Amino acid sequence: MNKIWLITQREFITRVRKKSFIIMSILGPLIFAGFFALTFIFASSKDTDVKKIAVIDSSGMFIKKLPEGKFLQFEYLTNVKVDDFKKLLKKSNYYGLLYISPIVAFSPKAVQFYSFQQPSLSITQEISNGIEKEIRNQKLLSYNIQNLDNILKSIETKIDISTVKLSDSGEEKQSSTGLAMGVAYVGSLLIYMFILMFGVQVMRGVLEEKTNRIVEVILSSVKPFQLMMGKVLGVAMAAIVQFLIWVVLSVAFFLIVKAVFLPDITPAAMANQPQNIMGASNAVAQAQPQESAINPEIANIFSMADSINFYVLIGSFIFYFIGGYLLYASLFAAVGAAVDNETDTQQFMFPITLPLIIGILAMVSAFQNPESPVAFWFSMIPLTSPIVMMARIPFGVPYTEVAISMALLVVTFIGAIWFAGKIYRTGILMYGKKVTLKEMIKWLKYKN
Amino acid sequence: MEIFKAQHIEKKYGEFKALSDVSLSVPQGSIYGLLGPNGAGKTTLIRIINQIFAPDSGELFFQGRKMVPDDVLNIGYLPEERGLYKKMKVGEQAIYLARLRGLSKADALKRLKYWFEKFEMQTWWDKKVEDLSKGMAQKVQFVVTVLHNPSLLIFDEPFSGFDPINATLLRDEILALRDNGSTIIFSTHNMSSVEELCDHITLINKSSCILEGEVDEIKKRFKSDIYEVGFSGDFNKVKDVLNSKFDVLEHKIVKDLNYVRVKMLHQHQDNELLSLILAHVHVTSFTEVYPSMNEIFINMVESSNQNQL
């Protein structure tokens, strides 16, 4: 035990000291923060300047008919040729030129928009909506229906679905699939990333020791299994530390970004933010009145966040993170021990990464339908369950299912460590031999 | 008394028999040569002594009692394929390896200081291993091997990669360790170093032990009544006499002296040879020629291979 700890320490310290680790620790959250910042920039910089658009309408159907928005105005030009005006456009103060040809009612390609900047999707959408609506109105008019205006007004309805989730105890909770999806997505993606990143590090580490031949020296002092477990655990510690750095830095960056781009939120509300994530529901309750006065939408999100049980979420995240890592890291260790050089790892890497990729695909499907058979089975199979179950949990999964999935994962990672230990023990001292899967299975039968 | 004894060791890898009924006993305080062609099973045997593998059957004894896992703490092993972590600093690495062998950090530090001074390696302490030359790295490995003061040391091809100066330094160190009471198992293909250092050997071929014993005794066992006579004078004077009674193997002239190798045709002819030749020439040397370890090695391996065919 003492020796495993010595090895674990060395693995941890050498990894944490590496430049690549430090760079990744800072870069990871910066990428996240950048992502947040971009979202905020896009969200907050919704064009505020008024855009004037020149309209040449050869069909004559739309004069003064296009609906003007707060930031979108139309001026209808007559007796101007499109080609002439195109040349003038640059010097004019128009944002763009809209040309509607006479055959607009019959051809979807009959409208052109000229501008020097790429118009945003919302502008083109607004214009095409307006034209479509006008054409529909005109077509309806041609049927000579009485009281058309009233009919049109009465059939216009607006729907905004608010979802409410029922629990077994009959409680009603306002839920948000958007938020659940976000949490699920980030959770399972993180597990996938960390398993792959640090699993490969375990493999490289084992391979390094083998090609270096230092393994000969070390194995005369410790058992192969101790060396393998020390490495797996040491790398795990590095992974956890990196993850914690990411969390802390991400929260910090997030708060900075928020303070810069959304300064209208009070410091008190911001202070409540991290606790909120940790699931302190009373903090939310206190914060709510303040916030709803300022920003009802954010308060809304908070009350939704409350509906996801964060204790369960964080608990299962830690469990699947560690369980999934142990399972895959031991397999990666076996691969590192079985081969002689980095290029030979490819043939064994593939069967190991395949279930991870399948897991990601099943995760996407689990978002669309968390109760589907695909989502269910892949959240039970231990090779994919860390990723897929993480994606299902925010939507609410029966505890028995989670328990079975966890139990299966535990049994499998113990099995994987045993299996990897056998392969490792034989492979680590075998040089210059191309190993096949058949041979590796033979190794399982060797006595130590 | 023997420090290590192995009895009837068997080891299989799947269908392949790596060791078959191997027994050996290593006397305390000896330098024990473990010889054999490549693939004979030496490395497997060494790994069994180091408890990296357990034998399928057979028994191991250490210092007169059954071997226990903790006995490895009393063994130092310098493998043939040896390496260090390239990116790790020399001092840090030496402490790490010493601690894996059971030394405390303070103890390791104290002993490392002694050895680093002895080999004038103090300035390497904070260097990364990748910045050392091969010979320098070998020195670090040697220090790490002997650091915990083991009573049994196993060196597998220790001289490979050393320049003559460092090889001599290493040889002297090995002899000094022996003189201080350590026992050394020494595996090599270099027969001249076996002649020079070993007092006992075991020869393994194709998984089996084919020869074991004291070097001097083995040489006597394999001697074939060959004598070498050195003399000044005319070789032709003795040529016919010698040819009539003995088998003349070789004649050479070195620095005006004649050397003749003669094989006796029956035992106790040595005095006859000497008196015969004394009548004609001036004898400067007269020695019985023992076979070299190299010859014994090749003979034994070839004849054991033929027996198996």
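Residues that are assigned to a loop (DSSP other than H, G, I, E, B) and facing chain B (nearest Cβ under 7 Å) within the stretch A:212-229 comprise A:Arg213, A:Ser220, A:Ser221, A:Val222, listed in sequence order. In a residue-by-residue description of the stretch A:68-83, the property of being at pLDDT 80 or above and among the basic types (Lys, Arg) applies to at least one position. Just one of the listed residues (B:Leu97, B:Leu147, B:Leu112, B:Leu103) is within 29 Å of the chain's Cα centre (by Cα), surrounded by 18 or more Cβ atoms within 10 Å (Cβ to Cβ) and either more than 14 Å from every other protein chain (Cβ to nearest Cβ) or farther than 23 Å from B:Ile174 by Cβ (or both), and it is B:Leu112. Hey, any hits in the stretch B:7-26 for a residue that's in a loop (DSSP other than H, G, I, E, B) and within 8 Å of another protein chain (Cβ to nearest Cβ)? Scanning the stretch B:7-26 turns up at least one residue that is in a loop (DSSP other than H, G, I, E, B) and within 8 Å of another protein chain (Cβ to nearest Cβ).
Within the stretch B:222-231, can one find any residue that is more than 18 Å from B:Phe286 (Cα to Cα) and more than 14 Å from the chain's Cα centre (by Cα)? Even if it seems obvious, please write down each step before you answer.
First pass over the stretch B:222-231, keeping only residues more than 18 Å from B:Phe286 (Cα to Cα): B:222.
Among the residues that remain, those that are also more than 14 Å from the chain's Cα centre (by Cα) are: B:222.
Yes, some residue in the stretch B:222-231 is more than 18 Å from B:Phe286 (Cα to Cα) and more than 14 Å from the chain's Cα centre (by Cα).
Counting only residues that are more than 24 Å from B:Asn38 (Cβ to Cβ), give me the strands (runs of 3 or more DSSP E) lying completely in the stretch B:158-227 with at least 3 of them.
Numbers: elements: B:183-187, B:200-205, B:208-214.
Result: empty, no element qualifies.
Does the stretch A:58-78 include one or more residues that are part of a helix (DSSP H, G or I) and out of contact with any helix residue (DSSP H, G or I) (no Cβ under 7 Å at 6 or more places or on another chain)? So far as the stretch A:58-78 goes, no, none of its residues is part of a helix (DSSP H, G or I) and out of contact with any helix residue (DSSP H, G or I) (no Cβ under 7 Å at 6 or more places or on another chain).
Condition check ((1) touching a Gly at 6+ places or on another chain (Cβ under 9 Å); (2) in contact (Cβ under 8 Å) with a residue 40 or more places away in the chain) across all residues:
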residue: B:Glu59; (1), (2): no, yes
residue: B:Asn74; (1), (2): no, yes
residue: B:Gly91; (1), (2): no, no
residue: B:Phe116; (1), (2): yes, no
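Restricting to the stretch A:392-434, give me the number of residues that are of a type in the set (Gly, Ala, Ser) and not in a helix (DSSP H, G or I). Final tally of qualifying residues: 2. Checking A:Lys173 against (1) modelled with pLDDT of 80 or more; (2) in contact with a Lys or Arg (Cβ under 8 Å, 6 or more places away or on another chain), only one condition comes out false. Which one? Failed condition: (1).
B:Asn243 - would you say it is under 27 Å from B:Leu34 (Cα atoms), surrounded by 11 or more Cβ atoms within 10 Å (Cβ to Cβ), modelled with pLDDT under 85 and not hydroxyl-bearing (Ser, Thr, Tyr)? Walk me through it before giving the result.
Numbers: under 27 Å from B:Leu34 (Cα atoms): no; surrounded by 11 or more Cβ atoms within 10 Å (Cβ to Cβ): yes; modelled with pLDDT under 85: yes; not hydroxyl-bearing (Ser, Thr, Tyr): yes.
Taking the combined requirement at face value, the residue does not satisfy it.
A quick yes/no check of all residues on (1) facing another protein chain (nearest Cβ under 9 Å); (2) in a loop (DSSP other than H, G, I, E, B):
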{"site": "B:Gly39", "(1), (2)": "no, yes"}
{"site": "B:Leu45", "(1), (2)": "no, no"}
{"site": "B:Gly58", "(1), (2)": "no, no"}
{"site": "B:Val72", "(1), (2)": "yes, no"}
{"site": "B:Gly76", "(1), (2)": "yes, no"}
{"site": "B:Glu80", "(1), (2)": "yes, yes"}
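The residue that is nearest to the other protein chains (Cβ to nearest Cβ), counting only those in the stretch B:115-129 that are in a helix (DSSP H, G or I), surrounded by fewer than 20 Cβ atoms within 10 Å (Cβ to Cβ) and under 27 Å from the mean Cα position of the chain (by Cα), is B:Trp115.
Scanning the stretch A:423-448 for residues that are within 41 Å of the chain's Cα centre (by Cα), within 12 Å of chain B (Cβ to nearest Cβ) and of a type in the set (Ser, Thr, Tyr) turns up just one, A:Thr426. Within the set A:Phe12, A:Phe71, A:Phe113, A:Phe62, the sole residue that is in contact with a Lys or Arg (Cβ under 9 Å, 6 or more places away or on another chain), farther than 28 Å from A:Leu255 by Cα and of a type outside the set (Ser, Thr, Tyr) turns out to be A:Phe71. Taken over the stretch A:230-247, the criterion of being away from every other protein chain (no Cβ under 14 Å) and closer than 18 Å to A:Tyr328 by Cβ is satisfied by A:Val232, A:Leu233, A:Val235, A:Ala236, A:Met237, A:Ala238, A:Ala239, A:Ile240, A:Gln242, A:Phe243.
The values are calculated or read from the model by the stated rules, or taken from the named source; none is laboratory data. Owing to the predicted nature of the structure, the values given are computational and were not obtained by experimental measurement. Because the Cβ atoms are built from the backbone with ideal geometry, glycine has one as well, and the counts that use them run over all protein chains shown.
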